[in-house]
Amino acid sequence: MTEKETQESLHTLDFEQWLDIAQQDADTFESMRLAAIEELIASAPEKDQKRLRCLQWRIDQERRLSKSPMGACIRISRMMWETLIGKEGLTAHLQSLTEPGKPGGYTVRSHPHQAQVIPLRPDC
């Protein structure tokens, strides 16, 4: 497969095709995987590309440290869960936005004005 064919096929391959390539030719699969990752990072806004490259480096290190593909999958899954629910994860940051008095949290303000509540009529 030429480089041009590889680039074109990255957009059209489904899971079964990727699986077939991985089983038949691991080197081709790996070069296609790297090309797909690079293409995705390059398509991101320039301000995000460095962060994405750092994240990909970390993922690659987790894969390298694993003894098997399943081990790599588990390590990367743990990494994702830590990003979501860990001490500095997304969940903690979202919670801090709703807690008064915390940095980034909302501020409770008193409302000196009161509004008159008008009941809705059932025939409206």
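The values are calculated or read from the model by the stated rules, or taken from the named source; none is laboratory data. Just so we're clear, the structure is a prediction, and the values are computed from it rather than from any experiment. Backbone-built Cβ (ideal geometry, glycine too); neighbour counts: all protein chains shown.
Here are some notes:
- Of all residues in the stretch 72-93 being among the basic types (Lys, Arg) and under 14 Å from Arg58 (Cβ atoms), the one that is nearest to the chain's Cα centre (by Cα): Arg78
- The stretch 51-71 - residue that is part of a helix (DSSP H, G or I), surrounded by fewer than 13 Cβ atoms within 10 Å (Cβ to Cβ) and of a type in the set (Lys, Arg) and, of those, nearest to the chain's Cα centre (by Cα): Arg51
- One residue alone among Ile85, Ile41 is at pLDDT 80 or above, in contact with a helix residue (DSSP H, G or I) (Cβ under 6 Å, 6 or more places away or on another chain) and surrounded by 13 or more Cβ atoms within 10 Å (Cβ to Cβ), and that residue is Ile41.
- Filter result for the condition that a residue is among the charged types (D, E, K, R), in a helix (DSSP H, G or I) and at pLDDT 95 or above, over Asp48, Asp20: Asp48
- Some residue of the stretch 101-115 being at pLDDT below 80, of a type in the set (A, V, I, L, M, F, W, C) and either in a loop (DSSP other than H, G, I, E, B) or surrounded by 12 or more Cβ atoms within 10 Å (Cβ to Cβ) (or both): yes
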